Amino acid sequence: MKHRVLQIGPITGPVDARLARDYDVAPLWKQPDKDAFLAAHGAEFEAVAIHVRDACDAALIERLPNAKAIVNFGVGYDKIDVAAAKRRGMQISNTPKVLDGCVADLAMGLAIDVARGISATDRFVRAGGWKTGQRPLMTRVYGKNMGLLGFGGIGQAVARRAAGFDMPVRYHTRRPVAGHAEQHETSLVELAKWADFLVVACPGGPETRHLVNAEVLDALGPQGILVNIARGSVVDEAALVRALQEGRLGGAGLDVFENEPNVPEAMLAMDNVVVQSHIAGFTRETRADMEALVCDNLDAFFRTGQVLTPI
């Protein structure tokens with residue numbers, strides 16, 4: 001008999017196929033009446049498979065009395081009610097490390113793009129502007145101060161890349177991370193005052209909501225550049241728009257937003273803002289690694305009782 005698994009929503013073609021092959025999977029998103037389905041079958045499930053975009057809240061967890069694991073396709077898990085899952089003794093896994101390099105690459109790419117105006121100059125040339133003039137002077141990247149909000153795997157990968165640009169690096173976390181020479185800054189505002197670039201690389205969720213607020217943006221200043229490859233909720237988006245409109249912030253490179261896929265209209269007209277569609281981990285190589293890891297986590301749970309990469 002195959003283990004019974006509840007899949008909240010579609011993940012990717014390869015993951016969906018592998019789960020369907022190896023387990024007795026119930027696709028919750030296909031059920032015409034989800035509440036009735038869970039009332040009738042919720043006790044049958046031993047584990048839950050979920051995409052990072054989907055929610056697994058306390059109400060859903062309570063409908064699954066025998067599920068002991070949630071395997072999450074993605075690094076972030078802010079849409080999972082972790083406290084409710086822990087109360088039920090459930091393990092939660094994510095897909096860390098395999099995304100770190102690609103996310104860090106995009107963070108550096110956004111920093112360079114905003115500072116040097118790559119996207120804006122591309123639009124300028126395509127529109128014929130070079131035939132009658134030239135773009136204004138921009139800002140160099142090498143040798144500038146790199147501040148990191150968050151210093152996990154992604155933050156550390158950004159720091160390594162910044163070192164290649166001869167950039168001093170400091171970071172802000174709740175406590176210093178052992179084994180690293182980069183300077184820990186206890187105050188995010190003080191870090192922003194020091195930094196030329198501030199890269200947001202911390203988890204999302206209630207604890208970090210609007211951690212980057214108007215005070216932090218003002219500290220970063222009219223020459224400073226904000227890069228967010230974490231979660232849109234970490235930045236007060238309304239405060240960010242105001243700071244950009246009023247010239248209190250130099251620019252922003254953003255892969256994530258508070259209300260995805262909606263991007264504030266005001267940002268779309270700004271040449272000092274580069275926007276992406278939450279694609280930091282969207283490479284063929286990283287996607288394959290994530291697909292393998294989410295399935296391997298589920299396999300390991302049923303084989304050993306432990307997921308491979310618990311949060």
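FYI, it's all coordinate maths here, none of it is from the lab. Every value quoted in this text rests on a predicted model; they were computed, and no experiment measured them. Cβ: placed from backbone, ideal geometry, glycine included. Neighbour counts: every protein chain shown.
For the listed peptides 295-302, 158-165, 256-263, a ranking on the average number of other beta carbons within 10 Å per residue, highest first, reads 295-302, 158-165, 256-263. Taking 15 Å as the cut-off, the amide N atoms of region 83-106 that come nearer than this to a point 7 Å along the Cα-to-beta-carbon line of Gln306 belong to 91-93. Considering only Val263, Leu217, Thr304, and ranking their Cα positions along the charge dipole of the chain that arises from unit charges at the beta-carbon of Lys, Arg, Asp and Glu, the one farthest toward the positive end is Thr304. In terms of packing, defined here as the mean over residues of other Cβ atoms within 10 angstrom, the peptides 112-118, 36-42 line up highest first as 112-118, 36-42.
When restricted to Cα atoms, region 100-275 yields an Rg and a Dmax of 15.6, 54 Å, respectively.
Restricting things to alpha carbons, find the Rg to Rh ratio for the chain using the Kirkwood radius for Rh. Computed over Cα atoms, the ratio is 1.03.
Over every Cα atom in region 166-269, the radius of gyration and the widest Cα-Cα span, Dmax, amount to 13.5, 43 Å. Shown is the FRET efficiency for Ala20 and Ala266, computed with R0 = 41 Å from the Cβ-Cβ distance and rounded to the nearest 0.05: 0.40.
Which net charge results for the neighbourhood of Trp194, defined as the other residues with beta-carbon distances under 13 angstrom from its beta-carbon, given Lys and Arg at +1 and Asp and Glu at -1?
That works out to -1.
Listed by chain and number, the lysines placed with their C-alpha closer than 26 angstrom to that of Lys193 are Lys144; residues fewer than eight positions away on the same chain are left out. Partner lysines whose Cα lies under 27 Å from the Cα of Lys131, excluding those fewer than 8 positions away in the same chain, are not found. Distant-in-sequence amide contacts of Phe73, defined by a placed amide H-H separation under 5 Å and a gap of 5 or more residues or a different chain, comprise Ile50, His51, Val52. Over 26 Å apart at the Cα level, from the set Lys30/Lys68; Lys2/Lys79; Lys2/Lys30; Lys34/Lys86, are Lys2/Lys79. Remark: spin-label model distance Ala55-His184 equals 3.5 nm, labels positioned 7 Å along the Cα→Cβ axis.
Using the 2.2 N^0.38 Å rule of thumb for compact globular proteins, work out how region 63-146 stacks up: its C-alpha Rg over that value, please. The reported ratio for this selection is 1.90. Karplus-derived 3J(HN,Hα) values for region 22-34, using 6.51 cos²θ - 1.76 cosθ + 1.60 with θ = phi - 60°, are 9, 9, 8, 9, 10, x, 4, 5, 8, 6, x, 10, 5 Hz; glycine and proline are entered as x.
If I take R0 = 25 Å and measure r between the Cβ atoms of Leu137 and Val177 in this structure, what FRET efficiency does the formula 1/(1 + (r/R0)^6) give, to the nearest 0.05? Before the final figure, lay out each step's value.
Numbers: r = 37 Å, r/R0 = 1.47.
Efficiency at R0 = 25 Å is approximately 0.10.
Nearest 500 deg cm²/dmol is fine: what mean residue ellipticity at 222 nm does the chain get from its DSSP H runs of n ≥ 4 alone, each adding -39,500 (n - 2.57), divided by its residue count?
Values: 12 runs with 114 residues, N = 311.
Taking each H run of at least 4 residues, the total per residue is -10500 deg cm²/dmol.
In this structure, Glu285 and Gln31 have a Cβ-Cβ separation that, at R0 = 35 Å, corresponds to a calculated FRET efficiency of about 0.55.
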